[in-house]
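Peer 1: Right, I'll just put the structure down here and ask away after.
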Amino acid sequence: MKLTLIGGGGVRAVLFTKSLTLKAEDAGITKLVLHDTDEEQLAIISKLCQIVIDRSGINLQLETTTDSREAIKGADYIVTTVRVGKEWSRYVDEQIALKHGVIGQETTGPAGFSMAIRTIPVLMEYCEIAKELAPQAWIFNFSNPSGLVTQALRNAGYDRVIGICDSPSHTKLRMAEALEIDPKELEVEFFGLNHLSWMTKVIYQGKDIMSELKNDPDFTSRVDEFKMFDTDLLKSLPFLPNEYLYYYYHREKAFANIVKSGMTRGQMIAENNKEMLDILRKMDIESNPDEAIQTYLYYTQKREASYMAIETNSESKPVLPTDKLELPNSLGYAGVMLDFVESLQTGETNNIVLSVPNEGSIEGFADNDVVEISCIITKDGAKPVQIGSVPEEMSLLMKNVKLFERLTVEAVKHKSRDLAIQALTVHPLVNSYSIAKLLVDDYLEAYKDILGDWK
């Protein structure tokens with residue numbers, strides 16, 4: 001079977017390939033196609049991916065192409081991970097938001113809006129090609145903001161699109177580490193929207209220990225996703241929050257920390273990736289595979305070590321020297337996709353957190369509202385678990401953000417400046433017509449070559 005990675009020249013493609021080698025044989029995947037519009041970067045990253053495949057010893061054919069039709073033709077599975085405007089666009093998105101006194105974060109608020117309006121039209125084109133050349137393919141969207149983009153694609157009738165995110169699975173892993181147990185011994189349940197979700201259940205040895213964990217400061221301080229939150233907040237909430245809720249629950253702290261640091265996350269990543277690619281570009285990768293992989297891993301750990309450090313005013317994790325680094329055996333977002341594929345192929349049931357249509361799961365939301373939720377996966381696809389009613393304060397926050405998403409989708413569809421302003425006006429992290437107007441005009445001006453004319 002053929003798996004196509006759209007955005008295959010991105011730096012995370014190497015980790016994706018490593019994850020794929022761990023489960024490709026079980027999932028029946030024999031060919032990986034990396035597609036990207038940046039031919040030079042695709043050539044560099046694909047060489048690293050080939051090293052990973054060669055060292056795995058599995059039978060996985062690697063192909064690369066800048067031709068989108070060739071990449072998608074006959075694919076069984078397609079993963080989309082694109083950044084329209086490249087890495088520096090994230091920095092631009094953040095700076096425009098900060099200039100107007102609001103948080104700039106690529107998946108949340110105005111920066112997420114900016115990324116979405118650039119990304120949705122491009123992914124629509126890929127989905128249309130898939131409809132023609134790979135109509136039975138499942139499409140897994142990892143392009144940020146994942147939930148919003150998935151909503152747009154679903155609204156357009158692409159009903160084989162699933163939104164994926166590795167945040168819930170990573171949270172579960174770190175919780176298991178803190179408890180010193182096997183992750184397989186934990187059963188967790190999530191509901192909400194992408195990067196706006198809560199963990200409702202934590203089942204261990206048949207008992208729900210959610211309340212016990214969230215009220216234990218010693219435990220929460222040992223889990224990266226929870227230690228950034230005020231312990232009194234965690235005790236007051238009925239459920240454990242996704243780490244991105246930090247931007248909502250501690251909005252002024254996040255904003256102040258970003259301003260104080262003098263550098264945004266986007267700027268750090270753009271500079272980090274540029275430095276890495278400059279080194280790899282000058283290197284004979286095929287003749288020096290060890291040096292190339294160590295270089296890649298060094299800059300990758302630098303990026304991961306600083307995750308949310310700026311926003312929370314915390315220390316970055318230590319960075320190991322290049323002679324001691326190894327490719328991780330964790331599955332990341334590739335694992336989310338591969339678990340889904342495994343269920344389709346074998347019929348074995350899996351429980352996975354995905355962004356899918358609500359279909360009556362959460363009260364107060366339309367069936368076609370894309371939500372991030374625990375799903376039961378079988379050979380027939382994904383079925384969200386039944387959540388029912390949720391606390392009012394959480395429901396209201398979700399509804400505001402879902403309204404923002406729906407308005408954004410319509411704004412892109414009609415290239416409407418007015419709808420775009422309405423969308424940002426209702427977003428909780430903006431909540432102002434005058435600021436929304438300034439933000440929209442700045443984003444439309446910054447990306448006029450990509451977006452064209454909006455009316």
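Peer 1: From the list Arg154, Arg160, which residue is modelled with pLDDT of 95 or more and surrounded by fewer than 21 Cβ atoms within 10 Å (Cβ to Cβ)?
Peer 2: Going through Arg154, Arg160 in turn, just one is modelled with pLDDT of 95 or more and surrounded by fewer than 21 Cβ atoms within 10 Å (Cβ to Cβ): Arg160.
Peer 1: Could you list, in sequence order, all residues of segment 39-73 that are of a type outside the set (A, V, I, L, M), open to solvent by less than 40 Å² (accessible area, probe 1.4 Å) and assigned to a helix (DSSP H, G or I)?
Peer 2: Once the filter is applied, which keeps residues that are of a type outside the set (A, V, I, L, M), open to solvent by less than 40 Å² (accessible area, probe 1.4 Å) and assigned to a helix (DSSP H, G or I), segment 39-73 yields Gln41, Ser46, Cys49, Ser68.
Peer 1: Also, I was wondering about something else. Every residue in segment 113-131 that is open to solvent by less than 10 Å² (accessible area, probe 1.4 Å), in contact (Cβ under 8 Å) with a residue 40 or more places away in the chain and in contact with a strand residue (DSSP E or B) (Cβ under 7 Å, 6 or more places away or on another chain), please.
Peer 2: Scanning segment 113-131 gives Leu123, Ala130.
Listed here are the residues, each with its yes/no results for (1) at pLDDT 95 or above; (2) over 24 Å from the mean Cα position of the chain (by Cα).
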position: Ile72; (1), (2): yes, no
position: His100; (1), (2): yes, yes
position: Gln105; (1), (2): no, no
position: Pro110; (1), (2): yes, no
position: Thr119; (1), (2): yes, no
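Peer 1: Of all residues in segment 317-350, how many are more than 21 Å from the chain's Cα centre (by Cα), part of a loop (DSSP other than H, G, I, E, B) and surrounded by 15 or more Cβ atoms within 10 Å (Cβ to Cβ)?
Peer 2: Counting residues in segment 317-350 that are more than 21 Å from the chain's Cα centre (by Cα), part of a loop (DSSP other than H, G, I, E, B) and surrounded by 15 or more Cβ atoms within 10 Å (Cβ to Cβ) gives 2.
Peer 1: Please go through segment 249-283 and give me each residue that is under 28 Å from Gly10 (Cβ atoms), of a type in the set (Ser, Thr, Tyr) and in a helix (DSSP H, G or I), ordered by number.
Peer 2: Matches in segment 249-283: Ser261 only.
Peer 1: Also, I was wondering about something else. Out of the helices (runs of 4 or more DSSP H) lying entirely within segment 406-455, which hold 3 or more residues that are open to solvent by less than 50 Å² (accessible area, probe 1.4 Å), free of Cβ contacts under 8 Å to residues at least 24 places away in the same chain and basic (Lys, Arg)?
Peer 2: Helices (runs of 4 or more DSSP H) meeting the threshold: none at all.
Peer 1: I'd like to know if segment 8-18 contains one or more residues that are open to solvent by less than 10 Å² (accessible area, probe 1.4 Å), of a type outside the set (Asp, Glu), farther than 27 Å from Asn272 by Cβ and touching a helix residue (DSSP H, G or I) at 6+ places or on another chain (Cβ under 8 Å).
Peer 2: no
Peer 1: Here is a follow-up. Kindly indicate whether any position in segment 74-92 is open to solvent by 40 Å² or more (accessible area, probe 1.4 Å), modelled with pLDDT of 95 or more and in a helix (DSSP H, G or I).
Peer 2: Yes - at least one qualifying residue is present in segment 74-92.
The values are calculated or read from the model by the stated rules, or taken from the named source; none is laboratory data. All values derive from a computational prediction rather than experimental measurement. Here Cβ is always computed from backbone atoms with ideal geometry, including for glycine, and neighbour counts include all displayed protein chains. Calculation scope for accessible area: heavy atoms of the full protein, side chains included, ligands and nucleic acids excluded. Shrake-Rupley method; radii C 1.70, N 1.55, O 1.52, S 1.80 Å.
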